[in-house]
1. Run the numbers on the range 5-97 and let me know its relative contact order in percent, using alpha-carbon pairs under 8 Å that are six or more apart.
2. Looking at MET140, PHE36, GLN5, which one has the Cα that reaches farthest to the positive end of the dipole of the chain (charges on Cβ: Lys, Arg +1; Asp, Glu -1)?
3. With θ set to phi - 60° and the Karplus curve 6.51 cos²θ - 1.76 cosθ + 1.60, what are the ³J(HN,Hα) couplings of the range 15-21 in order, to the nearest whole Hz, using x for Gly and Pro?
4. Taking springs between alpha-carbon atoms closer than 10 angstrom, which of ALA11, ALA40, ALA316 fluctuates most in the Gaussian network model of the chain?
5. Please compute the per residue accessible area over the chain with all protein chains in place, 1.4 Å probe, rounded to a whole number of Å².
6. Rounded to the nearest 20 Debye, what is the dipole magnitude of the range 63-323 about its Cα centre when Lys and Arg each give +1 and Asp and Glu each give -1 at the C-beta?
7. For the peptides 347-354, 205-212, what is the packing order when you average, over each peptide's residues, the other Cβ atoms within 10 Å and list the highest mean first?
8. When the Cα atoms of the chain are enclosed in a convex hull and the volume is divided per residue, what value in Å³ results?
Amino acid sequence: MSRNQDPAFWAAARKHLIRYGGSFDPAIIERAEGCFVFDADERPILDFTSGQMSALVGHSHPHIVATVQRQMGAVAHLFSGMLSRPVVNLAERLAALAPGLDRVMLLSTGAESNEAAIRMAKLVTGRHEIVAFSKSWHGMTGAASSATYSAGRKGYGPAMVGSLTIPAPNTFRPRFRHADGSLDWKTELDDAFGLIDSQSVGCLAAFIAEPILSSGGLLELPLGYLAALKEKCRERGMLLILDEAQTGIGRTGTMFAFQRDGVTPDILTLSKTIGAGLPLAAVMTTAEIEDIAHEKGYLFYTTHVSDPLPAAVGLAVLDIVEEEGLVARAGRLGARLFEGLSQLKQRFDCVGDVRGRGLMLGVEIVNPDRSADHELGSRIAAEAFRRGLSMNIVKLPGMGGVFRIAPPLTISEEEIDIGLRIIAQSIEAASVSGARAPGIAAE
Ligand SMILES: Cc1ncc(COP(=O)(O)O)c(C=O)c1O
């Protein structure tokens, strides 16, 4: 019997864990190294989602392991009013990477960083309305979940007063089209802001956006969109907050995704990738905005703000990204992965679309008429897992099942090819099997 079937483990899991969404994979993970996680049978599973889109430099990178051991022995956590070298050094390093965004605060999670950014935008503008995309995900805490529209809105009472949304542009399923059928995002954006202006009570504080909407189905903002969005914000005296939880630190082939567009946000939030799997997040803004916030008494005092241990890890992540040339590597290997996935699109009708940038790609699974085929997507994911590949599938109303593919930037060409082979085999197997996907149901 497989050690993964350990009845006592699964009975205890069912009895004692609070189920927080989705289902659990049918394996017990014992350890992880590089681009693989290993289950209880010591079976390697290729990790095409970098854990929860975070293990940017692979699992158990020796430099990260050594940094945690060293810093843990020196100082891990401090009174929030005390400063240490890793915190100031990381702030300085990040500021150098994002010219104009000179002020940095170090926190723990993505939701928390967006909470801090939205709170700052409200205080600085003296307004309270926050606009976000209809397929956004900014986190599970108050203001962050109020600005999250892809999932989880129902059943929790009122969202924050002043929560507004506009449609996320979708090149595969355009709402506004040019004569050739392609997405007319300019008209869509104008139309959307017309609706915002009608709904607003005159207190627009900020727009919060992901440069590539990940949980919303890997929707990339078309080139030019971000600049137009920033202009819409400027016209209304709103701040632009960019949430680069997943796109930041090289994943898309530039250090930050916004650099492709030449548009600097007023506030930038980083999480997931900056800690490469450990809880580290950052809020970055201009000196001008931070000065106003401070003068107005900005308060975001938390237990783990400015903790030295995660800051030291952040510095190690930046060192690794620089030393191993991972930003350029994301572009190069991303192109190989994109090409391989595009070949699968030629080969299989159910692959409706391949999109994304660098090592952050999406594959949309559809019926022959391009309507959503969530069931097939789930079967492909289950077949892939059985064959040793972990892929995450997003299932949203109105869209097909979308695989989010974002392996560590340290992935090799060979590992990419292994992943592509398994995806092809899994599509073949799932298309004929029609079997239900296994998994421990969370609901
Ligand atoms: C773009 C984006 N922002 C924020 C978050 C929330 O981060 P966390 O789960 O660390 O609070 C996520 C998580 O998936 C995300 O994808």
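The values are calculated or read from the model by the stated rules, or taken from the named source; none is laboratory data. Computed from a predicted structure; not experimentally measured. Because the Cβ atoms are built from the backbone with ideal geometry, glycine has one as well, and the counts that use them run over all protein chains shown. Areas reflect the complete protein model, heavy atoms only, side chains present, ligands, DNA and RNA absent. Shrake-Rupley method; radii C 1.70, N 1.55, O 1.52, S 1.80 Å.
1. Numbers: 49 pairs, mean separation 14.1, N = 93.
Result for the range 5-97 is 15 percent.
2. Looking along the dipole axis, the top candidate is GLN5.
3. 6, 10, 8, 6, 7, 10, x
4. The residue with the greatest mean-square fluctuation here is ALA11.
5. Computed with neighbouring chains in place, this is 43 Å² per residue.
6. Details: 22 positive and 27 negative charges, 116 e Å.
Using Cβ point charges on Lys, Arg, Asp and Glu, the range 63-323 gives about 560 debye.
7. 205-212, 347-354
8. Considering the Cα atoms of the chain, their hull volume per residue is 153 Å³.
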